[in-house]
Every structure is written in structure tokens, then in C-alpha cells.
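Undergrad: Sharing a structure here in C-alpha cells format.
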Amino acid sequence: GAHRRPRPPYAAALRALQLGATAMLDVSDGLVQDLGHIADASGVRIELAADAVPGPPVPDALRLALTGGEDHAFAATFPQEAELPAEWQVIGRAVAGPAGVTVDGRPYGVGGWDHFH
């Protein structure tokens, strides 16, 4: 039902913007894939903590959360001192370094939907 009638949290995205989000996108092609777009465009590395990434209570939940798509959610970056909206959950941080996304300190590899390949 959620796939057929999605309810993206638009109000949470607007609140994030008001509170200083510096980058934001919808997570429709997979979390790692989409955060990779932010990392590449910003020239930063985004370090995710596996235990902070929410996922479904099913086998292989982390892989599904990191590479699944059509989540109807948003990911954003905020200045370190920003007070995050209650609807948002910290799952990692953006740091100086080679652009890309790591999970628990290691590159995650391939996953998600790539429209151009």
C-alpha cells in the first residue's frame, strides 16, 4: 500500500530547510546511492553508522535499508551545531576527505538504482 500511495514526509523536509539543512534529497534510488550524489557534489565523504540506519525487521535488513529504493523519505545534511527536527534521525556525518559514502568506516560498494547504466 505504501508503494502504491506513498506519503513522503514533505513537512519534515520543509522543517529541515527552515532549520538550516545544507543539502537534501529524496531517497528513491537507495540510501548509499543517493547520499553518494550529495558527497560527490559537495566534495565530502559521508560516513554512515550501520547501527544507526533504520531498517525493516527482516533478514538482510541493513542491505535493504542501504540499497533499496522507493523509500519515500528524505536524507539531509545539517551544520554540526544545528538542532535537528524531531522527525530526523542522525545516521552519520559528512567529513573532509575523498568523496563517497562509507558504512562503519568502509566503502559500501555498489547498490541502489542507477538510471544511467
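Undergrad: For residues that are under 12 Å from Q33 (Cβ atoms) and open to solvent by less than 50 Å² (accessible area, probe 1.4 Å), tally how many sit in region 91-113.
TA: Of the residues in region 91-113, 4 are under 12 Å from Q33 (Cβ atoms) and open to solvent by less than 50 Å² (accessible area, probe 1.4 Å).
Undergrad: Let me ask you something else. Looking at the structure I just gave you, is V95 more than 14 Å from the chain's Cα centre (by Cα) and modelled with pLDDT under 95?
TA: In short, no.
Undergrad: Still on this structure, I have one more. Name the residue that is farthest from the chain's Cα centre (by Cα), counting only residues in region 22-48 that are part of a loop (DSSP other than H, G, I, E, B) and under 19 Å from A99 (Cβ atoms).
TA: Per the stated criteria, the residue is G43.
Undergrad: What about E87, is it out of contact with any Pro (no Cβ under 7 Å at 6 or more places or on another chain) and modelled with pLDDT under 95?
TA: No; evaluated as a whole, the condition is false for this residue.
Undergrad: Are any residues in region 60-90 over 18 Å from L17 (Cβ atoms), surrounded by fewer than 19 Cβ atoms within 10 Å (Cβ to Cβ) and either of a type in the set (A, V, I, L, M, F, W, C) or free of Cβ contacts under 8 Å to residues at least 12 places away in the same chain (or both), and if so, which ones?
TA: Within region 60-90, D60, A61, L62, L64 qualify.
Undergrad: Of the conditions (1) within 22 Å of G1 (Cα to Cα); (2) without any contact (Cβ under 8 Å) to a residue 12 or more places away in the chain, Q18 fails just one. Which one is it?
TA: Unmet condition: (1).
Undergrad: Here is a follow-up. Restricting attention to region 6-53, which residues are surrounded by 19 or more Cβ atoms within 10 Å (Cβ to Cβ) and on the phi > 0 side of the Ramachandran plot?
TA: Within region 6-53, G30 is the sole residue that qualifies.
The values are calculated or read from the model by the stated rules, or taken from the named source; none is laboratory data. This is a predicted model, so every value here is computed, not measured. Reconstructed Cβ throughout: ideal geometry from the backbone, glycine too, with neighbour counts over all protein chains shown. Remember, those area values only see protein heavy atoms, side chains included, never the ligands or the DNA or RNA. Shrake-Rupley method; radii C 1.70, N 1.55, O 1.52, S 1.80 Å.
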